[in-house]
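First comes the structure, then the notes that go with it.
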Amino acid sequence: MSETWLMLGGWVAAGLTIFIFSFLYKDNPFFKVAEHLYLGAGMGWLFQVSVTSVWIPKIWEPVLNGELL
């Protein structure tokens, strides 16, 4: 099961890479889809990292424990 998802992820990554390189031909809908997917994935990753690295340990836990500034 894990190998199937890994293969699927590889094919999706390869397809998105080709979509990004399609900008060299002309601005087209394939490039726009890939651009939006990469941007969305990057922003989602950044949000998750900032929540788990900053908000939870530095804001949420002190508020729950009563350790206000």
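So what's the back-of-envelope 222 nm ellipticity for the chain, counting only DSSP H runs of four-plus at -39500 (n - 2.57) apiece and dividing by all residues, rounded to 500?
My calculation for the chain gives -22500 deg cm²/dmol from helical runs alone.
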**Item:** Approximate spin-label separation F21-W45, in nm, with each point projected 7 Å along Cα-to-Cβ
**Value:** 2.0 nm
**Asked** Highest mean first, what order results for 13-20, 55-62 on Cβ atoms within 10 Å?
**Response** 13-20, 55-62
**Item:** Separation in nanometres of the label points that stand 7 Å from Cα toward Cβ, at S53 and N65
**Value:** 2.1 nm
**Fill in**
For the chain, the dipole about the Cα centre with charges only on Cβ (Lys and Arg +1, Asp and Glu -1), to the nearest 20 debye, works out at 220 debye
**Request:** Determine the order of Y25, Y38 by accessible area, beginning with the largest, at a probe radius of 1.4 Å.
**Result:** Y25, Y38
**Request:** Hey, can you find the accessible area per residue of the chain for me, probe 1.4 Å, expressed in square angstrom?
**Result:** 90 Å²
**Complete:** Computed on Cα atoms only, the convex hull of the chain has an orientation-averaged projected area in nm² of 7.5 nm²
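The values are calculated or read from the model by the stated rules, or taken from the named source; none is laboratory data. Keep in mind that what you see is a predicted model, and the values were worked out from it rather than measured. In this analysis, Cβ positions are derived from the backbone assuming ideal geometry, glycine residues included, and neighbour counts consider all displayed protein chains. What goes into the accessible areas is simple: the full protein's heavy atoms, side chains included, and nothing from ligands, DNA or RNA. Shrake-Rupley method; radii C 1.70, N 1.55, O 1.52, S 1.80 Å.
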